[in-house]
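Asker: Let me begin by handing over the structure; questions about it come next.
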Amino acid sequence: MGNVYFISRNHDEMTFFILTIERLSELCDKKRKCTVYVDTTTFEDDPCPSTSKYLQMSYKCRPILFDGESFCEGAEMQLECREGRRLAMYSATYGRSARGQAAHCTAPVHFDRG
């Protein structure tokens with residue numbers, strides 16, 4: 001999930017920042033849809049119940065599984081997304097395995113996924 005902010009003038013903001021991320025992750029992670037009521041029933045540990053607050057957050061929709069491919073040295077890797085989508089790298093390594101074995105180099109030179 002992205003950055004989540006729960007603002008309170010009278011409490012340690014970093015503590016509430018962490019608690020808010022954990023609570024929203026608990027409620028929303030790995031779900032296609034998520035509805036959260038922004039009130040003290042959702043965020044129970046309210047140190048200032050008489051002060052009105054707001055929730056500001058950033059999030060990203062991610063695939064359940066990530067595609068992966070291997071490309072041998074000397075190959076030209078080309079990645080492409082459908083119209084309206086953009087690439088977002090999840091992980092990457094360049095090198096050899098601990099035992100010195102190369103990855104299987106069977107991927108096509110051009111890799112096109114949604």
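Just so it is clear, none of the values below were taken in a lab; they were calculated from the coordinates. Fair warning: this is a prediction, and the values are worked out from it, not measured in the lab. Neighbour counts are summed over all protein chains in view; Cβ atoms, including those assigned to glycine, are modelled from backbone coordinates with ideal geometry.
Asker: Applying the Karplus parametrisation 6.51 cos²θ - 1.76 cosθ + 1.60 with θ = phi - 60° to the phi angles of the stretch 48-64, what ³J(HN,Hα) value in whole Hz is obtained for each residue in order, glycine and proline being reported as x?
Answerer: Working through the residues one at a time gives 9, x, 8, 9, 6, 9, 9, 10, 10, 8, 10, 8, 9, 7, 10, x, 5 Hz.
Asker: Sticking with this structure for a sec: Whose amide H sits under 5 Å from the amide H of Phe71, counting only residues 5 or more places off or on another chain, with H placed in the peptide plane?
Answerer: Correct list: empty.
Asker: Hey, rough spin-label estimate for Asp29 and Arg82, points 7 angstrom out along Cα→Cβ, what's it come to in nanometres?
Answerer: It is 2.8 nm.
Asker: Hey, another quick one. Near Leu55, within a Cβ-to-Cβ distance under 11 Å, what is the net charge of the other residues, with Lys and Arg +1 and Asp and Glu -1?
Answerer: The answer is +1.
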